[in-house]
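> Got a structure for you, written out below as structure tokens; questions coming shortly.
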Amino acid sequence: MRWYLKAIGTRKIVEFIVLALFVVFFLGPLLNLAILAFTGKWTYPDVLPHQWSLKWWSFVFKQEDIPQSIGLSFLIAAIVTALSIALCVPAAYAFARIRFPLSRFFLFSFLLTHAFPKMGLYVSIAVLFYKLGLMNTLLGVVLIHMINVLMFMTWIPTAAFRNVHRAQEESARDVGAGPFRVFLKITLPMAMPGIVVASVFTFLNSLDEAQGTFLVGIPNYKTMPIVMYSIISDYPAYAGAVFSIILTAPTIILLLAAKRFVSADVMSSGFQLK
């Protein structure tokens, strides 16, 4: 036994143990959710259920407000992502390419939405929305979601545009390309990985937003997280597990689809202030 441990090395053993603990810590809750969601009957202390069933899936989708909440969540997330791209990507390009007074201050100000407790910030915004007639409106919900994602859609694309060397743009200008054509053919494609990462984070963050939606959108707009809280509190854990999977699945699918863009280099470069 000692010979075997010496052969593979103590460091390798420690790395394997750390990896195993990480896998258990990360996949354990997801595995438990999957088992609960397909459980028909499961009593303690049995390791696995006595009966597998889809009855809780049927139960969840028979609730009147669940299909509407799912559709509403994806609609709001899509609108928030599209508007954030339209507004924040030009701003990110300006921060990356144009030197103007207080540019660093304005870029840093996008972090303020994450510098304070969200509920306190949302209450202040709700007071303003009430005066403007935006409470219980789709526009109000979209705006409260956008406030929460401005950091992602500004900082990460700004870093992506800064990583595009000016020499590449100047080379295109030298052969006769205009500024708009240079942006479309050179700058934008090279900055696209950062924009994709920011867009994915924006969509997922909007999909998961609950506090702002509850404060501004209730009772007219109930998204998936809002309905999920009521299901967890009012129904068995099996129904909550089903809804948790429904809420988690888009996150996994989008991250897998964008995995070639989601790298440590892109993520770290998104939080550099130059």
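> Within region 66-102, track down each residue that is more than 15 Å from LEU150 (Cα to Cα), among the aliphatic types (A, V, I, L, M), within 21 Å of the chain's Cα centre (by Cα) and open to solvent by 60 Å² or more (accessible area, probe 1.4 Å).
Listed by number, the list holds a single entry, LEU75.
> Related question: State the number of residues belonging to region 113-130 that are of a type in the set (A, V, I, L, M), part of a helix (DSSP H, G or I) and over 16 Å from LEU143 (Cβ atoms). Walk me through how you get there before you give the answer.
First, the residues of region 113-130 that are of a type in the set (A, V, I, L, M): 115, 119, 121, 123, 125-128.
Cutting the leftovers down to part of a helix (DSSP H, G or I) gives us 119, 121, 123, 125-128.
Next, only the ones that are over 16 Å from LEU143 (Cβ atoms) stay: 119.
The number of residues fulfilling the criteria is 1.
> Give the residues of region 158-202 that are over 19 Å from PRO90 (Cβ atoms), open to solvent by 30 Å² or more (accessible area, probe 1.4 Å) and aliphatic (A, V, I, L, M), sorted by residue number.
At the first step, the residues of region 158-202 found to be over 19 Å from PRO90 (Cβ atoms) are 165, 167-168, 170-177, 200.
When the remaining residues are screened for being open to solvent by 30 Å² or more (accessible area, probe 1.4 Å), the result is 165, 167-168, 170-171, 173-176.
The answer is ALA167, VAL175.
> Suppose we keep only residues that are aromatic (Phe, Trp, Tyr) and modelled with pLDDT of 80 or more within region 78-105. Which one would you say is farthest from LEU254 (Cα to Cα)?
Here the residue is PHE95.
> Given the residues ILE144, ILE232, ILE226, which is the only one that is surrounded by 14 or more Cβ atoms within 10 Å (Cβ to Cβ) and either modelled with pLDDT under 80 or in contact with a strand residue (DSSP E or B) (Cβ under 6 Å, 6 or more places away or on another chain) (or both)? Quick ask: steps written out before the conclusion?
On the way: ILE144 fails: either modelled with pLDDT under 80 or in contact with a strand residue (DSSP E or B) (Cβ under 6 Å, 6 or more places away or on another chain) (or both); ILE226 fails: either modelled with pLDDT under 80 or in contact with a strand residue (DSSP E or B) (Cβ under 6 Å, 6 or more places away or on another chain) (or both).
Testing whether each residue is surrounded by 14 or more Cβ atoms within 10 Å (Cβ to Cβ) and either modelled with pLDDT under 80 or in contact with a strand residue (DSSP E or B) (Cβ under 6 Å, 6 or more places away or on another chain) (or both) leaves just ILE232.
> Can you work out which of the residues in region 163-190 that are of a type outside the set (S, T, N, Q) and either assigned to a loop (DSSP other than H, G, I, E, B) or modelled with pLDDT of 85 or more (or both) is nearest to the chain's Cα centre (by Cα)?
It comes out as VAL164.
> Considering each residue of region 88-139, count those that are β-branched (Val, Ile, Thr) and over 23 Å from GLN211 (Cα atoms), and give that number.
Number of matching residues: 2.
The values are calculated or read from the model by the stated rules, or taken from the named source; none is laboratory data. For clarity, every value in this text was computed on a predicted model and none was experimentally measured. A quick note on method: Cβ atoms are made from the backbone with ideal geometry, for glycine too, and the neighbour counts reach across all protein chains shown. Side chains are part of the model used for accessible areas, which takes the heavy atoms of the whole protein and leaves out ligands, DNA and RNA. Shrake-Rupley method; radii C 1.70, N 1.55, O 1.52, S 1.80 Å.
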